[in-house]
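Values quoted throughout were computed directly from the atomic coordinates according to the rules given, and no laboratory measurement underlies them. Treat the numbers as computed from the prediction; the structure is a model and nothing was measured. In this analysis, Cβ positions are derived from the backbone assuming ideal geometry, glycine residues included, and neighbour counts consider all displayed protein chains.
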């Protein structure tokens, strides 16, 4: 795991709902197994399958509750961050409707392929992904079994992955980045077949790649080599490999960073930006940390814990950070679709935490 956590504990609530999606649609959810071989897979996973979490818009009204944590994951994560009552994580709830029906007609939105941070389960980005789905986007979030500390399969079995305290080397990071790109490619191919066999009204001609941390770099790497991607969003991810750093993606690229992720600290971002001839923009969020792009900092506000204390988390807090990510990613996607720039046009008092770092905004 790329981080260590410490909670300053003040448990004041026993249960809590994570932020609800803000869009006009309800959000359906289903899991799907994707056959895909990973040669020389460095993880303890099977190496021949991926698990896809599918978030999508639905008009269903009946709530079939989808749990956030399973017992194994709650125990691992609760113990790791030092909760006195690890099962309390099981009280976190979502607004997802399990195996909901699909819409009868397309929404006209592209399909989003999501790649998570190293060692962070893809379902720990519920705050962003479910919100996007509530605005009509179909999102496929990709799990590489063996990378997250645990992974529950649709049949209830578990794959135990890397330890949360695992030390990552640069060589291992390169391997992870490479198979994340391969996983994105396999998922795109699978999704086309899935839509063809089910008749689901989701786009197989327009795609966006989105990722966090090592998954953000992978999202850019994938967009650079696959022209089916309309645009790409990198949430605080380093670019690994010189061929990616010097590649001109040629399509819109949106970059969001935590406050300590600067071009001085990470030269790969500066070199990458210099090679872009298409539209790109980079913003930094004051008061944020690297892991604030996941749901982890929303747990404390939902369950009543006091603030997470660690360099990978900022003082901004999970609720506000989630609102910022949702707004800026949605406005970028709307811009790609032909609407105005929205909050991308420049700083505002409403979103005063967001600092405009640079861009090629022609």
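Express in nm, to one decimal, how much length is gained between residue 20 and residue 286 on full extension, taking 0.36 nm for each residue of separation and deducting their alpha carbon distance.
Fully extending the segment from residue 20 to residue 286 adds 93.4 nm.
Residue 171 to residue 107: FRET efficiency via 1/(1 + (r/R0)^6), r the Cβ-Cβ distance, R0 45 Å, to the nearest 0.05?
Here the calculated transfer efficiency is 0.60.
Let me have the relative contact order for the stretch 16-360, percent, based on Cα pairs under 8 Å that are six or more residues apart.
Relative contact order, the stretch 16-360: 16 percent.
Computed FRET efficiency, Cβ-Cβ of residue 40 and residue 226, R0 22 Å: what is it to the nearest 0.05?
Step by step, r from the Cβ atoms, then E = 0.45.
Using alpha carbons only, how many angstrom separate the centre of the stretch 28-64 from the centre of the stretch 333-362?
32 Å
Residue 349 to residue 62: extension gain in nm, 0.36 nm per residue of separation minus the Cα-Cα distance?
Extending this stretch completely gives an extra 99.4 nm.
Computed from the coordinates I sent, volume of the Cα convex hull per residue in Å³ equals one of (1) 174; (2) 151; (3) 127. Tell me the label.
(3)
Calculate the spin-label point distance for residue 271 paired with residue 71, positioning each point 7 Å from the Cα along the beta-carbon direction, and give it in nanometres.
So the two model labels end up 4.9 nm from each other.
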